[in-house]
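For reference, the structure discussed in these notes is given below.
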Amino acid sequence: MVDKLARIVTEELNVWYGAHQALKSISLKVEANEILGIIGPANSGKSTFLQVLNRLIDLKPQTRVSGRILIDNQEIFGANIDVEALRRKIGMIFALPIPLPMSIFDNIAYGPRRNGIKKKSMLEEIVEESLKAAYLWDEVKDRLSDSGLNLSGGQQQRLCIARTLALKPEVILFDEPCSGLDPVSTGKVEEAMLELKKNYTLVLVTNNTKQASRVADRTAFFLMGELIEINNTQEMFTVPRDKRTEDYISGRFG
Amino acid sequence: MLKKRWNHKKIFEWGIEGLIKLSGIVSIILVGLIFIFLLKEGISVFKIVNPINFILGKEWHPVSKPPDFGILSLILGSFAVTLGAAIIALPLGVTSAIFIAEVTTGKTKEMLKIGIEFLAAIPSVVIGFVGIVVLAPVIQKVFDLPTGLTVLTGSIMLSIMAMPTIVSISEDAITAVPKRYREAALALGATRWQTIWRVVLPSASGGIVAACMLGIGRVIGETMAVMMVTGNAPRIPHSLLEPARTLTSTIAAEMGETVQGSEHYFALFAIGIVLFIITFVINFTADLFLHKEKV
């Protein structure tokens, strides 16, 4: 088997919130153009893991990180790292869709504008491209100047995906992106994700194990800050190697 | 068993409810009564001068014969002092609110908040006193003026009085912006300043505008400090470095010398009506912004 390009590598990653250790020596790889699902019960460190990857964790007081994280062979906690550039490269979608309090167009043009793109035609092109990639274009193309807050929950989440895509990221982190959505909207977001992996690398944290089995290529199971198991999704959901994984997947705890 | 019965518990409940209702209504009745009283007393002056000449008349000589009741110079005096105070207090107040809400944490934040609130507790006569003794001589010296009691002096002292309102209400509005907005903007690669400028401030804009309006409302209504430091000359100021007189200080200074029921007495009440309308409009606008639906 050909060794795929490893986009993200973590080595012995530990994270503490004060005295509480939220992640315990996590070592794993995320390969290019895959969807890595991360499942596990509440407080198992899944979201913390995502927040370390784009250094959103910097905002939380009293956190400590040790170990290494390499993204495209670059140490992200190293000196001389431009955190803003890192966050543009590693996009993030949150559990609750958070349109910024501005129009649909401006929501998407927000990132590119700050990257110095001023030309109207260019912005229009980026907005259209991003909305199409997020499967939202047909639903909103006639009302781009409406407030982003007037969209439905599922549309808002896809707006957030489009907003992230407009930054031309390389990796996209999804933090329980469908937890507040109905099944139809969830289906649309999942469809968008499967389409996105052709061009991007995705990490999907989800509380819904079925969702991981539907879209993830590989799945990792976190428990109490530890990585219990990581394997091909199909294999993990049919013959889990660890007893705890089996219990969680079959719904016996968590 | 479920039949309604009057017992002491019920009567107590009914009594408390009534008392609370009454307290609520009393404040509205009081405002109404004050306005009616003002109107009743003030309206008589319009038998002597018509309202347009009253507001646009340039001369205010209430005791000469025949008297001149034109309050334009007083309105412009109030306007000049308020404008000056707003120019100083609004940027300073809003930026200081941003600093307290977004930059400081923990003890520093608490200290600053207490300090700002303490500023609101200083009696206005003390502010005026400091203005006369400390600020006026400085202004006189720096600008080489015959007197340091000018519009500028009043503006500076009043801006200090408007600051607590502006800072604490703006700060509340900024703090109320959900943390999720900030995280979302930062996750898009925005810097801290870009996040504040493009996301946090627009979301808090309603509250910030309201804070500014309320601060300005306070400046217009302020009497004691402004009377002490602006020089009290009832003529139209042509620059910030001239003395002026405001609507409020005219009432305060002259009410004691008038005969009740005289034309002068009624004219002062008419000034009160003008003042009431101005502050009412300002507070009402502030309220609209405060309660406007979030975009």
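From least to most packed, judged by other beta carbons within 10 angstrom and beginning with the fewest, B:His61, B:His8 follow the order B:His8, B:His61. The helix-only estimate of mean residue ellipticity at 222 nm for the protein assembly as shown, built from DSSP H runs of length n ≥ 4 each weighted as -39500 (n - 2.57), is -16500 deg cm²/dmol after division by the residue total.
Largest mean-square fluctuation among B:Val26, B:Val142, B:Val274, in a Gaussian network model of chain B whose springs join Cα atoms under 10 Å apart, belongs to B:Val26. Mean partner shielding of peptide A:102-110, defined as the number of other chain Cβ atoms within 10 Å of each residue Cβ, is 2.
For the stretch B:60-162, state what percent of all Cα-Cα pairs lands in each successive 5 Å bin, counting from 0 Å until the bin that includes the largest distance. Percent of pairs per bin, in order: 2, 11, 14, 16, 17, 14, 11, 7, 3, 2, 1, 1, 0. Going from the residue with the fewest nearby Cβ atoms within 10 Å to the one with the most, A:Lys29, A:Lys198 rank A:Lys198, A:Lys29.
Could you give the Stokes-Einstein D for the protein assembly as shown in µm² per second, using the C-alpha Kirkwood radius, 10 °C, 1.306 mPa s? Could the numbers behind the result be given before it?
Working: Rh = 28.5 Å.
For these conditions, the coefficient is 56 µm²/s.
Quick check on chain B: take the gyration tensor over C-alpha atoms, sort the square-rooted eigenvalues as a ≥ b ≥ c, and tell me if it's rounded (a/c under 1.5), prolate or oblate. Oblate, because a/c is 1.5 or more while a/b does not exceed b/c. Other residues within the sphere of radius under 15 Å centred on the Cβ of B:Arg218, judged by their own Cβ, net out at -3 (K and R +1, D and E -1). Here, the stretch A:6-249 has an Rg and a Dmax of 18.0, 57 Å when only alpha carbons are counted. When a/c is below 1.5 the answer is rounded, else prolate if a/b is larger than b/c, else oblate, so apply that to the stretch B:1-147 with a ≥ b ≥ c taken from the square roots of the Cα gyration tensor eigenvalues. Cα axes put the stretch B:1-147 in the oblate bin. What you get for the stretch A:6-249, charging only the Cβ of Lys and Arg (+1) and of Asp and Glu (-1), is a dipole of about 500 debye around the Cα centre.
Eigenvalues of the Cα gyration tensor times 5, then square-rooted: what semi-axes does that give for the stretch B:223-295, in whole angstrom, largest first?
Details: eigenvalues 173, 72, 18 Å².
They are 29, 19, 10 Å, listed largest first.
Helix A:183-196 and the longest principal axis of the Cα set of chain A meet at an angle near 90°. Positive end of the dipole of chain B (Cβ unit charges, origin at the Cα centre): among B:Leu158, B:Leu74, B:Met213, the Cα lying farthest that way belongs to B:Met213.
Just add up the charged neighbours of B:Leu76: K/R +1, D/E -1, any other residue whose Cβ is under 12 Å from the Cβ of B:Leu76. Every neighbour counted, the sum reads +2.
Taking only the Cα atoms of the stretch A:32-92, the ratio Rg/Rh comes out at 0.96, with Rh defined as the Kirkwood radius.
Express in whole angstrom the spacing between the alpha-carbon centres of the stretch B:108-171 and the stretch B:179-224. After rounding, the separation between the Cα centres reads 23 Å. Here each label is just a point 7 Å from Cα along the line to Cβ, and for B:Ile28 and B:Ile16 those points are 2.3 nm apart.
Using only Cα atoms and rounding to the nearest 10 degrees, what angle (0 to 90) does helix A:153-165 make with the longest principal axis of chain A? So the inclination is approximately 90 degrees.
Scanning chain B for DSSP H helices at least 18 Å long along the axis (C-alpha atoms) with a Kyte-Doolittle mean no lower than 0.5 picks out B:8-42, B:72-98, B:151-175, B:201-221, B:263-290. For the stretch A:8-81 versus the stretch A:87-120, the inter-centroid distance based on Cα atoms is 24 Å.
Treating the beta-carbon of each Lys and Arg as +1 and of each Asp and Glu as -1, no other charges, what is the dipole magnitude of the protein assembly as shown about its Cα centre, to the nearest 20 debye?
700 debye
Here's the list of lysines a cross-link from B:Lys40 could span, going by alpha-carbon distance under 26 Å and ignoring same-chain residues fewer than 8 apart: B:Lys58, B:Lys65.
Values quoted throughout were computed directly from the atomic coordinates according to the rules given, and no laboratory measurement underlies them. Just so we're clear, the structure is a prediction, and the values are computed from it rather than from any experiment. Cβ coordinates were reconstructed from backbone atoms using ideal geometry, including for glycine residues, and neighbour counts include every protein chain displayed.
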